[in-house]
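Structure first, commentary second.
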Amino acid sequence: MTEAFVGLGSNLEDPATQLRRACDALAALPDTQLVAVSSVYESQPMGPSDQPPFLNACAQIATTTSPNDLLTALLAIETTMGRVRKRRWGERCIDLDLLLYGDASLESKRLTLPHPGLYQRDFVLKPLAELLGNEYLMPNGVDIVTLLAGCPTHDLKLSSVQLYNGEIPGNPL
């Protein structure tokens with residue numbers, strides 16, 4: 001199985017519930033196991049400022065699904081959950097980004113790994129650091145804490161929202 005990391009974000013339609021639903025959908029994917037989920041962080045929008053703040057988290061999964069098929073599955077979850085793409089970086093009920101897929105590095109019209117915005121987004125790096133550790137060397141050879149220090153701030157703060165208290169449902173680990 002390959003270890004992969006998915007960024008989760010929501011700022012519409014009860015974002016905490018949306019993140020929980022997305023984690024449940026990840027756990028239900030065939031040939032995939034939800035291993036861990038970070039804390040939830042609140043951030044100001046990266047795009048247009050006339051939208052509510054976001055709740056963000058990262059999920060760690062183990063999967064035998066290929067990167068492209070996993071992306072297809074993530075997009076299907078978004079569609080099932082009602083995501084509508086109105087404007088770039090706009091409000092959304094759910095956003096699922098494939099951040100890392102093992103040590104894969106690929107660039108195609110459809111998928112770039114690692115995720116192209118990964119190294120500049122505190123709302124992705126902070127929850128990822130919880131799962132991997134601050135000293136973890138990212139594929140670009142730089143540790144997470146150094147990348148975080150160079151990130152523009154989105155007024156990131158730890159949320160009181162908890163997606164899972166302890167055990168992750170359906171996780172035999």
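Computed from the coordinates by the stated procedures, all read-outs in this text should not be read as laboratory data. No experiment lies behind these values; they were computed from the predicted model shown. Backbone-built Cβ (ideal geometry, glycine too); neighbour counts: all protein chains shown.
Here is how the numbers come out for the structure above:
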{"read-out": "Label point distance in nm, ASP50-ASP69, each placed 7 Å from Cα along Cα→Cβ", "value": "4.3 nm"}
{"read-out": "For the chain, built as a Gaussian network whose Cα springs stay under 10 Å, the top-fluctuating residue of PRO53, PRO67, PRO139", "value": "PRO139"}
{"read-out": "Contact order normalised by residue count of the chain, Cα under 8 Å, 6+ apart, percent", "value": "31 percent"}
{"read-out": "Inter-label distance, nm, simple model (7 Å from Cα along the C-beta direction), VAL161/VAL145", "value": "2.8 nm"}
{"read-out": "Förster-model FRET efficiency, 22 Å R0, ASP103 and THR79, C-beta, rounded to 0.05", "value": "0.15"}
{"read-out": "Gain in span if fully extended, ALA28 to GLU3, counting 0.36 nm per residue against the direct Cα distance", "value": "7.4 nm"}
{"read-out": "nm² value of the averaged projected area, convex hull over the Cα atoms of region 82-126", "value": "4.2 nm²"}
{"read-out": "Given 11 as the ceiling on other Cβ atoms within 10 Å, longest exposed-site-free region of the chain for trypsin sites (Lys or Arg not before Pro) in DSSP loops", "value": "1-84"}
{"read-out": "Whole-Å semi-axes of the chain's equivalent ellipsoid (Cα gyration tensor)", "value": "21, 20, 17"}
{"read-out": "Rounded FRET efficiency, nearest 0.05, which uses the C-beta distance separating THR112 from ALA16 and R0 of 25 Å", "value": "0.30"}
{"read-out": "Of TYR101, TYR136, TYR119, the one that fluctuates the most in a GNM where the chain has Cα springs shorter than 10 Å", "value": "TYR136"}
